[in-house]
Each structure stands twice: as C-alpha cells, then as structure tokens.
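Read-outs: derived from the displayed coordinates by stated rules, not from any lab. Every value quoted in this text rests on a predicted model; they were computed, and no experiment measured them. Positions of Cβ are backbone-derived with ideal geometry, glycine not excepted, and every protein chain shown enters the neighbour counts.
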Amino acid sequence: MPERMKPYFPSAILLLLVVYLGVQALTGQRGLLSGHERDALMVRREAQLAGILEQRRDLEVRVRYLRTDSLSRDLLEERARAVLGFADPRDYVIRVSAPAATTGPAPRA
C-alpha cells in the first residue's frame, strides 16, 4: 500500500461500515423496506393464534365434561369408541377409502 494512502485507510473502513449498516437498515430483516413482509407475517400469526385459542377453548370444554362431578356419558362414549375403534350395532358405518394413486407418469409443468 502506498504511503500516501495510509491516512485514508481508517476512513475507508469506516465508510464501508456505514454503507453496510445503511443497506441493512433499509433492506434487512427488520429494515424500513421490509414492513410489508412483517405485516403479512403478523396477520398469519394472528390467524394461527385465533385457531389455537379456539382449539384450547374446545379442549377446555371437553375436559370439563370429562371430570367426575359433571361426567357427560355421551362424550365419554364417543371418546371410548374413537380410541378403541368400536361402533354401536345400531350405528351406520360408512367406510371411505383414500383416492387411488395414479400409476402413470406425472404431468410436466
């Protein structure tokens, strides 16, 4: 490195650091230009949270009905049949088979 460039070396490093941080401030994961992506992610997470809260409320109701002081016979019977795989002789059972997989070549897009 030539002797006359040595005083500018720290300034050049500082300039590159400022440019890098400026680019990251604009386009980085939390940058100014990525607000739309964050908003979309927030909407997806809020919808996911609403689904989980609804599932939790449903499970809380089921647990309340399975306690000994307020045992629901219908719910207990439904869970026992689902777990054991039994059906009442008076029930109509409709078996649904999975759609058959195609054996031909896959279509190309």
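Net charge near Leu59, counting Lys/Arg +1 and Asp/Glu -1 over other residues with Cβ under 15 Å of its Cβ? Within the 15 Å Cβ shell, the charges total +2.
One chain, two ends: Arg45 and Val18. Fully extended at 0.36 nm per residue, the span grows by 6.3 nm beyond their Cα-Cα distance. Label separation (Ala80 vs Ala98): 3.1 nm, computed from points 7 Å beyond Cα along the C-beta direction.
In debye to the nearest 20, how big a dipole does the chain give about its Cα centre with +1 on each Lys and Arg Cβ and -1 on each Asp and Glu Cβ?
Working: 17 positive and 13 negative charges, 62 e Å.
Dipole about the Cα centre, nearest 20: 300 debye.
Counting helices only, and only those DSSP H runs with n ≥ 4, report the 222 nm mean residue ellipticity of the chain as the sum of -39,500 (n - 2.57) divided by its residues, in deg cm²/dmol to the nearest 500. If you can, show how the numbers build up before the last one.
Numbers: 3 runs with 63 residues, N = 109.
Value at 222 nm, helices only, nearest 500: -20000 deg cm²/dmol.
Each residue of region 34-44 is assigned a 3J(HN,Hα), and the resulting list reads 9, x, 5, 5, 5, 5, 5, 5, 5, 5, 5 Hz, derived from the Karplus form 6.51 cos²θ - 1.76 cosθ + 1.60 (θ = phi - 60°), x at Gly and Pro.
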